[in-house]
Amino acid sequence: MSNLTRLFLLLGVVAALLFGLAASKHASREHPSRLDTLPINGSGYAGRELSLTPAEQSVFANARVVKRLYHFGRFPFVLMAIDGSRYRHAVHDPTYCFRGMGWEVAHRNPIPIEGGEALLLTLTRDGEKRRVLYWFTNGASRHSSVIRYWLQTTIRRLTFGHSGPEPLFVVLQPAGDSAPPWHRVIHHFGPIHDL
């Protein structure tokens, strides 16, 4: 190995260490999350906090998670929103979790939502059917691509947060036997537009 190659390797290692130290220092600062301002009650809706299951606690570890039961008019649903800025592994493709719980994805339907689109999954298990809605949001744009989410969070880390706010992962699930009219919820339930 030539001296020039050794010098480039040494410089690469030093640069990686310096970037790692800077990223670690930046990550250790407590940043406010949009989840902190998500209202529980408001005009036309009421909510209450739900506890995470032991399985959810192990998956989400140190991530910021809001799990609430909301009643929007006469429609109950569960909203779960995850900010993975403190624990990157908490946010992943939700179809893996649903499959792990025995659900099969029967249909995937994109649904227009302010700033982009959400994905409506129709899940089946033992003759039972469930419709679940999810998307990723940085507050301005919304999408259902896990790869795009990973790119957004990676760029955010590389720019020390200057590329924009941390994207959140939002999941809406029915609270009862039937799903609420998701189109009505995503267009008229105000709190989700603030995420």
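On the stretch given as the range 51-65, residues that are open to solvent by less than 80 Å² (accessible area, probe 1.4 Å) and either in a loop (DSSP other than H, G, I, E, B) or in contact with a Pro (Cβ under 7 Å, 6 or more places away or on another chain) (or both) total 4.
The requirement of being in the same structural domain as R88 (by the TED database) and surrounded by 21 or more Cβ atoms within 10 Å (Cβ to Cβ) is satisfied by L133.
Taking into account only those residues within the range 172-195 that are of a type in the set (A, V, I, L, M) and open to solvent by less than 10 Å² (accessible area, probe 1.4 Å), which is modelled with the highest pLDDT?
We begin by selecting, within the range 172-195, every residue of a type in the set (A, V, I, L, M); these are 172, 175, 179, 185-186, 192, 195.
Narrowing further to those that are open to solvent by less than 10 Å² (accessible area, probe 1.4 Å): 172, 185-186, 192, 195.
Values: L172: 95, V185: 89, I186: 87, I192: 85, L195: 82.
So, considering only residues that are of a type in the set (A, V, I, L, M) and open to solvent by less than 10 Å² (accessible area, probe 1.4 Å), the one modelled with the highest pLDDT is L172.
Within the range 156-170, is even one residue among the polar types (S, T, N, Q), in a loop (DSSP other than H, G, I, E, B) and open to solvent by 20 Å² or more (accessible area, probe 1.4 Å)?
Kept after step one, since they are among the polar types (S, T, N, Q), are these residues of the range 156-170: 159, 163.
Cutting the leftovers down to in a loop (DSSP other than H, G, I, E, B) gives us 159, 163.
So of that shortlist, the ones also open to solvent by 20 Å² or more (accessible area, probe 1.4 Å) come out as 159, 163.
The answer is yes, given that some residue of the range 156-170 is among the polar types (S, T, N, Q), in a loop (DSSP other than H, G, I, E, B) and open to solvent by 20 Å² or more (accessible area, probe 1.4 Å).
Filtering A106, A118 for residues that are more than 17 Å from K67 (Cβ to Cβ), without any contact (Cβ under 8 Å) to a residue 24 or more places away in the chain, assigned to a strand (DSSP E or B) and of a type in the set (G, A, S) leaves a single hit, A106.
Looking for whichever is open to solvent by 60 Å² or more (accessible area, probe 1.4 Å) and under 28 Å from A46 (Cβ atoms) here; the options are R74, R125. Which one fits?
Among R74, R125, only R74 is open to solvent by 60 Å² or more (accessible area, probe 1.4 Å) and under 28 Å from A46 (Cβ atoms).
Determine whether the range 97-107 contains at least one residue that is of a type outside the set (D, E) and in contact with a helix residue (DSSP H, G or I) (Cβ under 7 Å, 6 or more places away or on another chain). Yes, because at least one residue in the range 97-107 is of a type outside the set (D, E) and in contact with a helix residue (DSSP H, G or I) (Cβ under 7 Å, 6 or more places away or on another chain).
The values are calculated or read from the model by the stated rules, or taken from the named source; none is laboratory data. Just so we're clear, the structure is a prediction, and the values are computed from it rather than from any experiment. Using ideal geometry, Cβ is built from the backbone for each residue, glycine included, and neighbour counts are taken over all protein chains shown. The protein model used for the area step is the full one, side chains on, heavy atoms only, and it has no ligands, DNA or RNA in it. Shrake-Rupley method; radii C 1.70, N 1.55, O 1.52, S 1.80 Å.
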